[in-house]
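Visitor: Have a look at this one.
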């Protein structure tokens, strides 16, 4: 098994759980983060996972960062595109800056992260690309035209790239979480969560980050070699795609 995996947004929330799960599966993990130096340092000290800082919305930063990972750890075999932001507001109030910030981080980053490594994966005959989309990319969400558009784009990107690279031993899949117990959700009012979110989830609870991470780890494994172009919904039954 090729053993270097890169996880964007890999030091907190879902990404943190993914980084740990891949490490436990035997991968040498490079966790990419954007801004929280203290959290990244603590994460690296606790886990021994390598951390790298760059902006996934910047193609040059991704190219240079991935080149550094390759020099430090070896060729990249797995890319998990997990980094994401929200800039929520109703569309008639949305600014161009709010639109472009989300599209650049949540969608354009997939090009920025995959383009520098795809040729190497094709040459080696192995690759795993896993894109973290969202339930809201499948069904839409009020106040999230930018986020929903980006996450829906992630799914289209996944399907097209999977078709192009299936014959080269590369799989490309998407995971669409529902509501997950991360800092973003914890920051919401408990009354909103209990009154407006949980009643819409048949499972009756939020997902744990580790539950999403186990799905990613499976898709990165040899056992998932015949799965490509798929969208895995992990939402407790909230939306049945």
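Visitor: Can you give the extra length, in nm with one decimal, that the chain gains between residue 124 and residue 187 once fully stretched, where that is 0.36 nm per residue apart less the Cα-Cα distance?
Guide: Details: separation 63, 0.36 × 63 = 22.68 nm, distance 4.32 nm.
Contour length minus the Cα-Cα distance gives 18.4 nm.
Visitor: Relative contact order for the chain: what percent, with Cα pairs under 8 Å and sequence separation of 6 or more?
Guide: Details: 467 pairs, mean separation 47.3, N = 241.
Over the chain, the number comes to 20 percent.
Visitor: Between 0 and 90 degrees, rounded to the nearest ten: what's the tilt of helix 37-47 against the longest Cα principal axis of the chain?
Guide: Here the helix axis deviates by roughly 60 degrees.
Visitor: Here is a further query. Ranking 49, 197 by Cβ neighbours within 10 Å, fewest first, what do you get?
Guide: Numbers: 49 23, 197 15.
Taking fewest neighbouring Cβ atoms as first place, the list is 197, 49.
Visitor: Per Stokes-Einstein, at 4 °C and 1.567 mPa s, what whole-number D in µm² s⁻¹ belongs to segment 138-236, with the Kirkwood radius over Cα pairs as the hydrodynamic radius? Kindly include the intermediate steps, with their values, before the conclusion.
Guide: Details: Rh = 15.1 Å.
Approximately 86 µm²/s, per Stokes-Einstein.
Visitor: Sticking with the crude label model, points 7 Å out along Cα→Cβ, report the distance from residue 68 to residue 166 in nm, one decimal please.
Guide: Output for this residue pair reads 3.8 nm.
Visitor: Per-residue ellipticity at 222 nm for the chain, helices alone: DSSP H runs ≥ 4 residues times -39500 (n - 2.57), over residue total, nearest 500 deg cm²/dmol? Let's see the in-between values first.
Guide: Details: 9 runs with 104 residues, N = 241.
Result for the chain, helices only: -13500 deg cm²/dmol.
Visitor: Using only the Cα atoms, what convex hull volume per residue in Å³ does the chain have?
Guide: Working: hull volume 29.3 nm³, N = 241.
Looking at the chain, the number lands at 122 Å³ per residue.
Visitor: According to a simple spin-label model (label point 7 Å from Cα along Cα-to-Cβ), what is the distance in nm between residue 44 and residue 59?
Guide: So the two model labels end up 2.8 nm from each other.
Visitor: Continuing with this model, one more query. In degrees, nearest 10, range 0 to 90: what is the angle between the Cα axis of helix 145-165 and the longest Cα principal axis of the chain?
Guide: Taking Cα atoms only, the helix is inclined about 30 degrees.
Visitor: Shifting gears a bit: Percent relative contact order of segment 9-114, based on C-alpha pairs within less than 8 angstrom and at least six residues apart?
Guide: Numbers: 127 pairs, mean separation 26.8, N = 106.
Value for segment 9-114: 25 percent.
Visitor: Let me ask something else. What order do you get for 158-164, 56-62 when each peptide is scored by the mean count of other beta carbon atoms within 10 Å, highest first?
Guide: Details: 158-164: 16.4, 56-62: 18.3.
Descending packing order for the listed peptides: 56-62, 158-164.
Visitor: Specify the angular offset, from 0 to 90 degrees and rounded to the nearest 10, of the alpha carbon long axis of helix 59-73 from the longest principal axis of the alpha carbons in the chain.
Guide: 50 degrees
Visitor: Order these peptides, 82-92, 205-215, by their mean beta-carbon neighbour count within 10 angstrom, highest first. Please report the intermediate quantities before stating the final value.
Guide: Numbers: 82-92: 16.6, 205-215: 18.5.
Ranked from most to least packed, the peptides come out as 205-215, 82-92.
Visitor: Mind ordering 229-240, 183-194, 145-156 by average Cβ neighbours within 10 Å, highest first?
Guide: Listed from highest to lowest mean packing, they are 145-156, 229-240, 183-194.
Readers should treat all values here as calculations from the given coordinates under stated rules, not as data from a laboratory. Worth saying up front: this structure is predicted, and the values here are computed from it rather than measured. Here Cβ is always computed from backbone atoms with ideal geometry, including for glycine, and neighbour counts include all displayed protein chains.
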